[in-house]
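To start, the structure under review is shown below, and the notes come after it.
The values are calculated or read from the model by the stated rules, or taken from the named source; none is laboratory data. Every value quoted in this text rests on a predicted model; they were computed, and no experiment measured them. Cβ placement follows ideal geometry from the backbone for every residue including glycine, while neighbour counts extend to all protein chains displayed.
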Amino acid sequence: MQQPKSWKRSLGFCWINASCMKNIENNNKITLGLSSCPNDTFVFYALLHNKVPLQYKLSPLIADVEELNQRVLARSIDVSKVSFHVLGHVLDDYMLLRSGSAMGRGCGPLLLARAPLDPQNFEQYRIAIPGEYTTAALLLKLFAPKIKELVPMNFALIAQAVAGGEVDGGIIIHETRFTYHDLGLICIQDLGAWWEEKTGFPIPLGGIIAKRSLGIELLQAIDTALRMSIKSAFENPEAVWDFVMEHAQEMSREVMRKHIDLYVNQYTLDLGEEGIKAVEFLLEQGQKKGAFSFGPGMDLQKALEGPHP
């Protein structure tokens, strides 16, 4: 059934986008956020180095994903990589692009500890999380709702904090999954494996979102340029390595390759129907647990439609 015009306006979507385009032309730049993780720098290399066509200039910000989450929550950035958790808070103002996502199987966050934890008494533990608005934090809430004391910290510090006894356990993401054994830590729960077994879907970790007010033509252009950037990286992987290594956080080339192989895949090129359904289910579960709420009349399936018909 066709949605009423008032619902379209509630999403802040600029269907007739001349004024939106004029605002971009005046500034001549689109603010773009991405993380320093190898999968993001791999994906964005060609786009940021003028290897693919895009009419407007980009003003990039490379930051930790939780900082990007906060900037999007403040509506202060045009296009950004974010945790899918955040999408539940900003779906009225931002559109999920089809390209650039981190999603897959066997790549979810891990709950680590120095020794086994009692699953019947999770409420007694202090657990480090890589940010309040990360998908890792949302998955922990879905997996163990009894946990009360969450300790947000930079993702790169969590494994050391667990090993040093600052917290009882911690949720690790990104490349730490390849190195935590070196600290003598054990995996209490692979939250990605738990998600896959529970839902049958791949685990949606993070995606690229853009302000709906940019207008449909510009949103389509950005999504297309991003897809071309990913294809370019797949076709010429050696060309991106200097850029990836420049921003990687003290990791070996082998770990960088493992990171890219794990997080850059067919869902990165295009979420596809299965990917969109996985995101939809995650957001539905998050709403049920009170992590966020949608506006009145929100059609989640419609709101997750990308810029291309």
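Observations on the model:
- Residue in segment 66-84 that is modelled with pLDDT of 55 or more, outside the structural domain of F155 (by TED's automatic domain parsing), in a loop (DSSP other than H, G, I, E, B) and in contact with a strand residue (DSSP E or B) (Cβ under 6 Å, 6 or more places away or on another chain) present: yes
- Any hit, segment 143-151, residues being touching a residue at least 12 places away in the same chain (Cβ under 8 Å), closer than 23 Å to A291 by Cα, of a type in the set (D, E, K, R) and outside any strand (DSSP E or B): yes
- Residue count for segment 111-122 satisfying the condition of being out of contact with any helix residue (DSSP H, G or I) (no Cβ under 6 Å at 6 or more places or on another chain) and either part of a loop (DSSP other than H, G, I, E, B) or touching a residue at least 60 places away in the same chain (Cβ under 8 Å) (or both): 7.
- Residue check, D182 within 30 Å of P53 (Cβ to Cβ) and part of a helix (DSSP H, G or I): no
- Any hit, segment 224-238, residues being of a type in the set (K, R) and under 27 Å from L304 (Cβ atoms): yes
- Condition met for R114 (farther than 23 Å from V244 by Cα, modelled with pLDDT of 95 or more and among the charged types (D, E, K, R)): yes
- Checking I171, I216, I203, I208 one by one, the residue that is of a type in the set (V, I, T) and over 22 Å from G272 (Cα atoms) is I171 and no other.
- Meeting the requirement of 1 or more residues that are within 28 Å of Y94 (Cα to Cα), modelled with pLDDT of 95 or more and of a type in the set (S, T, N, Q), the helices (runs of 4 or more DSSP H) wholly within segment 204-287 are 216-235, 266-269.
- Complete set of residues in segment 232-280 that are among the polar types (S, T, N, Q) and touching a Gly at 6+ places or on another chain (Cβ under 7 Å): N265, T268
- Within segment 187-202, the set of residues being surrounded by fewer than 16 Cβ atoms within 10 Å (Cβ to Cβ) and not in a helix (DSSP H, G or I) comprises C187, G200.
- Residues of segment 20-30 classified as in contact with a helix residue (DSSP H, G or I) (Cβ under 9 Å, 6 or more places away or on another chain) and at pLDDT 55 or above, total: 1
- Residue tally, condition in contact with a helix residue (DSSP H, G or I) (Cβ under 7 Å, 6 or more places away or on another chain) and either at pLDDT 95 or above or surrounded by 15 or more Cβ atoms within 10 Å (Cβ to Cβ) (or both), over segment 288-299: 3
- Here A248 passes the criteria (1) within 18 Å of the chain's Cα centre (by Cα); (2) within 30 Å of D182 (Cα to Cα); (3) surrounded by fewer than 18 Cβ atoms within 10 Å (Cβ to Cβ) except the one numbered (3).
- For G88, the conditions (1) under 22 Å from A248 (Cβ atoms); (2) within 13 Å of the chain's Cα centre (by Cα); (3) surrounded by fewer than 23 Cβ atoms within 10 Å (Cβ to Cβ) all hold with the exception of (1).
- Of note, A161 satisfies the criterion of being in contact with a Gly (Cβ under 9 Å, 6 or more places away or on another chain), more than 28 Å from N265 (Cα to Cα) and aliphatic (A, V, I, L, M).
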